[in-house]
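A quick write-up on the structure given underneath.
The values are calculated or read from the model by the stated rules, or taken from the named source; none is laboratory data. For clarity, every value in this text was computed on a predicted model and none was experimentally measured. Cβ atoms come from the backbone with ideal geometry, glycine included; neighbour counts cover every protein chain shown. Heavy atoms of the whole protein, side chains included, go into the accessibility calculation; ligands, DNA and RNA do not. Shrake-Rupley method; radii C 1.70, N 1.55, O 1.52, S 1.80 Å.
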Amino acid sequence: MLRIAVDLNRCQGYAQCAFLAPEVFAMHGEESLLYSPEADEEQREKVMQAAAACPVQAILVDTVDAPAEAVSGAR
Amino acid sequence: MLGDGSLERFRREGRIVVVGASLAGLRAAETLRDQGFAGSLTMIGAEPHEPYDRPPLSKQVLLGRASADRTALPRRRSVDANWRLGVPATGLDMAAKRVRLADGDEVPYDRLLISTGVRSRPWPHEDQAELDGVFVLRTRDDGAALARRLAEGPRRVLVIGAGFTGSEIASACCERGLAVTVAERGASPLVGALGGVVGAVAAELQREHGVDLRCGVMVTALEGDASGRVRAAQLSDGSTVEADVVIVSLGATRNTEWLAGSGLAAGPRGIACDAGCRAFDIRGIVTDDVYAAGDVARCPHPLFGYQFLSLEHWGNAVSQAGIAAHNMLSESTDRLPHMDVPAFWSAQFGVNIKSVGAPSLGTEILVAQGSLKEHRFVGVYGYQGRVIGAVAFDQARWLPFYQELIERTAPFPPPFPTVDRRSDGQRPVDADFPDPSVPTHGPTVTLSGYSPADRRMTFTPAH
C-alpha cells in the first residue's frame, strides 16, 4: 500500500497528477483536487511520476521503507 | 542550555515525549530525526490509530471514494519512536518532568512537545447527543460511522452549523443525492470565517445545489423515537425538521483540560507559546522544555501586532511542528520564529475555496477580481487601511500575489488595477462579520489578545 497526502494550500489545480495517475488523482469541479489517500502498490510508479511532475510539489508520498515501521501500543 | 555540551548530550541521548500523535506530532517527530536527534522518542496518542490525515474525512470519505481507515499519513522517514497509542495523557508535572497517562503510567521527558489538537464540540444536551443517528465529525471513527450511515440512504440529513466542516458535509450529502437541511445560527454559511458578503455567495451555492438552508435559526432540541433513533429536530422559529441523521458541526474545543493545574498557560483558546513555539507558564514566563504545535497552540504573530493567533489549519500544524522540532534541538540564537501567513482551503459544491491571511480580522472587502454572482472571484479584506486577508472562489492561482501584499502590509484598497475587475469591485464594502460577542461556529483564525494567561474566555453554546 502507498499512502498519499496532498498539501492543498500549495495545489494550484494544474492537474498534471490527474493526467499521469487518473486512478488516484481526479479534478472535482474546475480546480479542486480529489485524491485517494491510499493506492495499491501497482500504482506506485504512476503516483511517483505524478508527484515528480507537480509544478508546485504538493504531493507527498510514503518514503519506501518508512511505513513498515512498527506502530503499536507496546511499551 | 549554555553551550557547555549539554545540548549535544541531549541531542545524543535525551528523551523527547510528544503528546498528540496526529499531523503536527508526526511531522515534528520526523523533523527531530531529520535534524539528528538520536535519543529516545515517545509518541503518545489518545486515539488507537497511527497518525492519519483528517481533511479527507469530510470529503473523499463521505463521498464514498475513500475508506476512513485508509487515510493514514504518508511517512517522510522512519521516526524510530516508542508509540503509546489509545492512551490519553491525563496530567503534566512540570517540576518532575513527567506526563501522566490514563492507564496510570508516567512517562519522563527532558523536552516535551504538546500537539493534542482539538475535538468536536458535542451537542450540549447529553441525552439527545446519545440518540442513534446523531454524529459529530472529527476523528477517523466519526468518519467511518457517518459514512456507513450515509451509505444506507437516510431520508433526510440535518447539519447543525454551516462552518467549513458543516458546509463540506452538506456538499457531500448533496452529491450523494441525499436530502439535506442545514441550520445555521448566523445570517449565512461561513459568515464567521469570511463575513456576510462572501457568506451570501456560500448560501447561494448551497441553495442552487438543493440544500434546504435555514439561516438565523437555532436547533433547540433533537427528538428520538421509541427505539432511541433520532427522528426530528425542533428549530427556534417553531418549525420541525424530520431527519434520521443529524450532524452536529458547531466547531471545536481545544484539548487542554489535561493540563489543568499543571501551571502551563493552557486554556480554552489553547496553549500560549512564544513565536518559537515554547510554551508559557501561567505566570507569563516561557518554559525551557515544553513546546506546543498545531491547533492547540496560540502563538504571537508579527503580522498581527504580535497578538496571540490560534489557527485550526492543516498547513499551520505542519509548519509549527517543523519550527518546534528545530527549536527543541537548537541553542537560543539558532531558534526560528513561526511566521507563516495563515492559509486554508475547502472544497464544497464544486467550488475550490482558498484563503490567505486573516479574513476574519477584515472590516472591509473589495472584490478585486471576478464576480460574486459568477461564484468565481477574489475578495481582498482590509483592516485599518492595510490588506489583511484574501479569499478566492475558483481563483486559487492568484492567492500567492495577495499573500505577498499581506506580508508587506500593503495599503487597502490596493491602489492599482487588477485583472478582470468588474463593476461590483470598484470600491470596498463592509465585509459584514457578525458581532464577535455572539457565539457561532466561529472563524478558524482567531486573535486572542496579548495575555499568555487565558482565563477569561468561556464559550456559551449557541442554543
If Rh is defined by the Kirkwood formula over all Cα pairs and Rg also comes from Cα, what ratio Rg/Rh do you get for region B:122-250? 0.94
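Between B:Glu223 and B:Gln384, what FRET efficiency comes out of the Förster formula 1/(1 + (r/R0)^6) with R0 = 51 Å and r the beta carbon distance, rounded to 0.05?
0.60
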With every protein chain left in place, what is the accessible area per residue of region B:343-435 in square angstrom, probe 1.4 Å? 41 Å²
Kindly provide log₁₀ I(q)/I(0) values, in the same order as q = 0.18, 0.21, 0.26 Å⁻¹, from the Debye equation applied to equal alpha-carbon scatterers of region A:2-65. -0.53, -0.74, -1.16
Just want to confirm a number: the relative contact order over chain B, from Cα pairs under 8 angstrom separated by 6+ residues, in percent. 15 percent
What do you get for the angle between helix B:164-175 and the principal long axis of chain B? Use alpha-carbon atoms, 0 to 90 degrees, nearest ten. 50 degrees
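Order B:Cys277, A:Cys54 by their accessible area, 1.4 angstrom probe, all chains in place, largest first.
On the way: B:Cys277 0, A:Cys54 20 Å².
So the residues, ranked largest to smallest area, are A:Cys54, B:Cys277.
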Full-stretch length increase - B:Asp132, B:Ala102 - with 0.36 nm per residue and alpha-carbon distance subtracted: 8.0 nm
Per residue, how much accessible surface does region A:2-65 expose to a 1.4 Å probe? Answer in Å², no decimals. 46 Å²
Given the protein assembly as shown, what whole percent of its Cα pairs are spread farther than 41 Å? 19 percent
Contact order relative to length for region A:2-65, counting C-alpha pairs under 8 Å separated by 6 or more residues, stands in percent at 47 percent
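Could you give the dipole magnitude of region B:325-376 about its Cα centre, charging the beta-carbon of Lys and Arg +1 and that of Asp and Glu -1, in debye to the nearest 20? Write out the running numbers ahead of the final one.
On the way: 4 positive and 5 negative charges, 61 e Å.
In debye, rounded to 20, region B:325-376 gives about 300.
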Those residues in region A:35-56 that give up at least 40 Å² of accessible surface, probe 1.4 Å, once the partner protein chains are present instead of the chain by itself are A:Tyr35, A:Pro37, A:Glu38
About its Cα centre, the protein assembly as shown carries a charge dipole, from +1 on Lys and Arg Cβ atoms and -1 on Asp and Glu Cβ atoms, whose size in debye to the nearest 20 is 620 debye
Quick one: how many Å² of B:Arg54 are accessible to a 1.4 Å probe, rounded to 10? 50 Å²
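Per residue and in cubic angstrom, what volume does the convex hull of the Cα atoms of region B:281-356 have? Kindly include the intermediate steps, with their values, before the conclusion.
On the way: hull volume 8.0 nm³, N = 76.
Once divided by residue count, the hull of region B:281-356 is 105 Å³.
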Got a number for the accessible area of B:Thr253? Probe 1.4 Å, square angstrom, nearest 10. 40 Å²
Please check region B:22-57 for residues whose accessible area, probe 1.4 Å, is lower by 30 Å² or more when all protein chains are in place than in their chain alone. B:Glu50
State the volume of the convex hull built on the alpha-carbon positions of region B:1-80, expressed per residue in Å³ and rounded to an integer. 95 Å³
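How high is the relative contact order of region B:343-435, in percent, counting Cα pairs under 8 Å that sit 6 or more residues apart?
32 percent
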For region A:2-65, with only Lys/Arg (+1) and Asp/Glu (-1) charged at the beta-carbon, what is the dipole magnitude about the Cα centre, in debye rounded to 20? 220 debye
Centre separation in Å (Cα based) which lies between region B:9-50 and region B:150-189: 38 Å
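Considering only protein heavy atoms and a 1.4 Å probe, what is the carbon-and-sulfur percentage of the accessible area of the protein assembly as shown? Before the final figure, lay out each step's value.
On the way: 10530 of 21260 Å².
Carbon-and-sulfur percentage of accessible area, whole number: 50.
So for chain B, Kirkwood radius off the Cα pairs, Stokes-Einstein at 4 °C and 1.567 mPa s: how many µm² s⁻¹? Don't skip to the end; give the middle numbers.
Values: Rh = 23.0 Å.
D, rounded to a whole number, is 56 µm²/s.
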For the residue pair B:Tyr450 and B:Ala145, what label-to-label distance in nm results when each label sits 7 Å from Cα along the Cα-to-beta-carbon direction? 4.5 nm
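List the longest stretch of chain B that has no exposed loop site; here a site is one of the chymotrypsin sites (Phe, Trp or Tyr not before Pro) assigned by DSSP to anything other than H, G, I, E or B, with at most 14 other Cβ within 10 Å. Write out the running numbers ahead of the final one.
Values: sites that count: B:Tyr306, B:Tyr450, B:Phe459.
Counting at most 14 other Cβ atoms within 10 Å as exposed, the longest clean stretch of chain B is B:1-305.
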Unit charges at the beta carbon, dipole of region B:241-341: most positive-side option, B:Gly315, B:Tyr291, B:Ala243: B:Tyr291
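Rounded to two decimals, what is Rg over Rh for region B:343-435 when you use alpha-carbon atoms and the Kirkwood radius?
Details: Rg = 12.0 Å, Rh = 12.9 Å.
Across region B:343-435, the Cα-based Rg/Rh ratio is 0.93.
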Ordered by residue, what ³J(HN,Hα) values in Hz, to whole numbers, does region B:276-290 give under the Karplus form 6.51 cos²θ - 1.76 cosθ + 1.60, where θ = phi - 60° and Gly and Pro are x? x, 6, 7, 6, 8, 8, 5, 8, x, 9, 6, 6, 8, 10, 10
For chain B, find the longest principal axis of its Cα atoms and tell me its angle to the long axis of helix B:140-151, 0 to 90°, nearest 10. 20 degrees
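Between A and B, buried accessible area summed over both sides at probe 1.4 Å, in Å² to the nearest 100? Don't jump to the answer; show the numbers that get you there.
Values: alone 5390 and 19100 Å², together 21260 Å².
Roughly 3200 Å² of accessible surface disappears when A and B pair.
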Taking the simple approach of a point 7 Å from Cα along Cα-to-Cβ for both B:Asp334 and B:Asp93, what is their distance in nm? 3.2 nm
Could you state the number of Å between the C-alpha centres of region B:360-402 and region B:321-354? 21 Å
